[in-house]
Amino acid sequence: MTQITPQPGIMDIALYQGGAAHVAGVSNAIKLSSNENPLGPSPLAITAMQEAAADMHRYPSSDHRALRQAIGAVEGLNPEQIICGAGSDEIIAFLCQCYAGPGDEVLYTEHGFAMYRISALAAGATPVEVKERERITDVDALLAGCSDRTKLVFIANPNNPTGTMISATEVARLADGLPRGVLLVLDGAYAEYVEGFDAGADLIAARDNIFMTRTFSKIYGLGGARIGWGYGPAHIIDVLNRVRGPFNVSATALAGAEAAVRDREYLERCRQENAQWRSWLARELAELGVASDTSCTNFILARFADQAEAEACDLSLQQQGLIVRRVAGYNLPNALRITVGDEGACRRLVAAIRDFKAKQGAA
């Protein structure tokens with residue numbers, strides 16, 4: 001009997017585990033495990049999606065022109081250099097599909113987003129993990145990690161799950177130091193949480209070896225709609241559009257994203273609310289002996305004494321209906337990634353960790 005087998009690399013992919021949403025036996029749990037916006041999407045986005053739902057029997061736009069023009073107008077970018085996808089994950093997959101394959105290498109940092117490795121393996125390429133420096137992207141390590149097989153280098157800036165970021169000067173040094181023919185991909189999923197940050201758009205305008213991915217899943221609160229976008233040199237966009245399915249993004253998602261990106265007042269409110277409670281949360285945790293690096297995102301990477309303490313704290317939080325994310329799979333076994341929730345969630349979380357620490361000290 002002929003054995004039907006998948007392409008090399010596929011069976012090396014561990015199934016992606018999203019942040020938990022439920023705790024057995026606990027009702028009304030607070031989910032702080034997936035870096036979702038606790039304020040939800042813009043009311044204008046909700047209305048736009050509701051109105052678009054009436055035409056769901058129609059195929060969506062195949063060129064996403066209205067959304068690309070809206071993004072271009074808001075971000076100051078050429079719409080012809082923008083591509084839309086089912087979340088930035090799909091665009092990451094397109095990049096690996098188009099530019100890496102068997103015999104090629106894809107670099108990413110040791111605490112980098114899991115989809116870089118997954119998408120590299122799916123394309124038949126070899127993922128290569130490069131060390132960070134104290135949970136910060138190390139440009140020198142990435143440059144040293146390149147070989148004549150390297151095709152793509154992924155960095156998230158700010159990074160998930162560390163929350164740290166590097167400067168535009170360092171990103172430029174990385175891009176300029178890469179071997180010819182290597183594409184640097186800047187994952188800007190959390191870029192909107194950094195006020196005044198263009199996520200690398202200016203660097204892209206001056207170079208042909210940088211590409212940027214963005215998402216509507218985080219500050220825009222449209223994770224359930226599955227929509228993201230990418231920006232880069234025209235020659236990269238042309239290639240990606242050749243593998244993109246013509247109707248890869250739904251009409252409701254397109255409508256919601258267009259309304260969301262135009263609602264700058266709501267975005268600013270979300271950014272300020274997050275900044276306020278992110279600072280408060282980090283400060284309160286530090287007073288309890290739980291350290292964290294300065295976060296440029298909508299989450300805190302809380303570091304404990306060791307893996308045992310981190311896991312014990314997680315179990316204690318679950319018992320009180322608070323769901324956070326273990327990140328041992330990201331080479332951070334002694335840490336928990338905690339989404340910045342609204343005021344009530346943040347205060348409840350700190351009280352629960354204070355209670356955990358008190359019981360631990362009394363034991």
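Of note:
- Residue count, segment 240-278 (criterion: more than 14 Å from residue 219 (Cα to Cα) and aliphatic (A, V, I, L, M)): 7
- Selected residue [among the basic types (Lys, Arg), over 22 Å from residue 105 (Cα atoms), in contact (Cβ under 8 Å) with a residue 24 or more places away in the chain and not in a loop (DSSP other than H, G, I, E, B)] from 173, 214: 214
- Matching residues, segment 216-236, being of a type in the set (A, V, I, L, M) and farther than 18 Å from residue 60 by Cβ: 219, 234, 236
Residues are listed down the side, and each one gets a yes or a no for (1) of a type outside the set (Val, Ile, Thr); (2) modelled with pLDDT under 95; (3) over 20 Å from residue 217 (Cβ atoms):
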position	(1), (2), (3)
29	yes, yes, yes
65	yes, no, yes
101	yes, no, yes
119	yes, no, no
126	no, no, yes
132	yes, no, yes
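- Within segment 149-170, considering residues that are of a type in the set (A, V, I, L, M) and outside any loop (DSSP other than H, G, I, E, B), the one nearest to the chain's Cα centre (by Cα): 156
So that you can scan it fast, the table gives a plain yes or no per residue for (1) assigned by TED's automatic domain parsing to the domain that holds residue 191; (2) outside any helix (DSSP H, G or I); (3) closer than 27 Å to residue 153 by Cα:
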| site | (1), (2), (3) |
| --- | --- |
| 35 | no, yes, yes |
| 51 | yes, no, no |
| 56 | yes, yes, no |
| 63 | yes, yes, no |
| 67 | yes, no, no |
| 92 | yes, no, yes |
| 95 | yes, no, yes |
| 101 | yes, yes, yes |
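- Within the set 15, 39, the sole residue that is within 30 Å of residue 321 (Cα to Cα), at pLDDT 95 or above and in a loop (DSSP other than H, G, I, E, B) turns out to be 39.
- In segment 290-321, residue surrounded by the fewest Cβ atoms within 10 Å (Cβ to Cβ) [restricted to those that are touching a Ser or Thr at 6+ places or on another chain (Cβ under 9 Å) and outside any loop (DSSP other than H, G, I, E, B)]: 303
- Matching residues in segment 233-244 - criterion: being touching a helix residue (DSSP H, G or I) at 6+ places or on another chain (Cβ under 9 Å), more than 10 Å from residue 83 (Cβ to Cβ) and not hydrophobic (A, V, I, L, M, F, W, C): 233, 242
Yes or no, residue by residue, for (1) in contact (Cβ under 8 Å) with a residue 40 or more places away in the chain; (2) surrounded by fewer than 18 Cβ atoms within 10 Å (Cβ to Cβ); (3) in a strand (DSSP E or B); (4) outside the structural domain of residue 208 (by TED's automatic domain parsing):
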{"site": "224", "(1), (2), (3), (4)": "no, yes, no, no"}
{"site": "238", "(1), (2), (3), (4)": "no, yes, no, no"}
{"site": "241", "(1), (2), (3), (4)": "yes, yes, no, no"}
{"site": "246", "(1), (2), (3), (4)": "yes, yes, no, no"}
{"site": "249", "(1), (2), (3), (4)": "yes, no, no, no"}
{"site": "253", "(1), (2), (3), (4)": "yes, no, no, no"}
{"site": "256", "(1), (2), (3), (4)": "yes, no, no, no"}
{"site": "259", "(1), (2), (3), (4)": "yes, no, no, no"}
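- Candidate set: segment 107-135, residues that are of a type in the set (A, V, I, L, M, F, W, C) and part of a loop (DSSP other than H, G, I, E, B); chosen: the one nearest to the chain's Cα centre (by Cα): 113
So that you can scan it fast, the table gives a plain yes or no per residue for (1) aromatic (Phe, Trp, Tyr); (2) at pLDDT 95 or above; (3) closer than 16 Å to residue 159 by Cα:
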residue: 282; (1), (2), (3): no, yes, no
residue: 304; (1), (2), (3): yes, yes, no
residue: 327; (1), (2), (3): no, yes, yes
residue: 332; (1), (2), (3): no, yes, yes
residue: 342; (1), (2), (3): no, yes, no
residue: 352; (1), (2), (3): no, yes, no
residue: 359; (1), (2), (3): no, no, no
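The values are calculated or read from the model by the stated rules, or taken from the named source; none is laboratory data. Just so we're clear, the structure is a prediction, and the values are computed from it rather than from any experiment. Methodologically, a virtual Cβ is constructed for each residue, glycine included, from the backbone with ideal geometry; neighbour enumeration extends over all protein chains shown.
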